[in-house]
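A short worksheet on the structure shown next.
The values are calculated or read from the model by the stated rules, or taken from the named source; none is laboratory data. If you're wondering where the values come from, they're calculated on a predicted model, not measured in any experiment. Positions of Cβ are backbone-derived with ideal geometry, glycine not excepted, and every protein chain shown enters the neighbour counts. Heads up: the accessible areas ignore ligands, DNA and RNA and are worked out on the full protein's heavy atoms, side chains in. Shrake-Rupley method; radii C 1.70, N 1.55, O 1.52, S 1.80 Å.
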Amino acid sequence: VLLLCYTEEAAVIVSGLKNTDVFVGESATFTCELSYPGVKNVQWWLDGSPLHNNFVTEISEQDGMIHTLTLNDVACHDSGTVTFRAGSLISTAKLLVKGILLLE
């Protein structure tokens with residue numbers, strides 16, 4: 001019998017956050033995949049402010065390894081740096097929210 005024990009220190013980011021451009025009113029989704037489940041102290045930030053699950057911000061996790069942040073109904077002021085942190089692992093990406101120019 002082979003018993004594998006994964007420690008938090010062994011986890012790495014398999015797939016990090018990617019820069020995302022969206023228009024005002026759309027949703028922006030960021031995903032970070034870790035190599036092992038169970039990493040503690042998972043947190044998302046937007047421009048240094050911690051994010052929490054609510055009707056605008058959806059934070060989810062699948063199998064303890066795939067962490068997803070969805071920002072709904074974004075506005076221009078939401079543009080900035082999105083940061084994912086899990087233990088000592090960090091991934092960042094830029095969010096650019098573009099306005100819609102209406103020509104009359």
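Using a Förster radius of 25 Å, what is the FRET efficiency between residue 58 and residue 33 based on their Cβ-Cβ separation? Nearest 0.05, please.
Working: r = 17 Å, r/R0 = 0.69.
Result of the calculation: an efficiency of 0.90.
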Limiting things to C-alpha atoms, what are the Rg and the maximum Cα-Cα separation (Dmax) for the chain, in angstroms? 15.9, 72
Treating cross-link reach as a plain straight distance, find the aspartates and glutamates whose alpha-carbon is under 15 Å from the alpha-carbon of residue 98, omitting any fewer than eight places away in the same chain. 21, 26, 73, 78
Descending accessible area (1.4 Å probe), largest on the left, turns 58, 33 into 58, 33
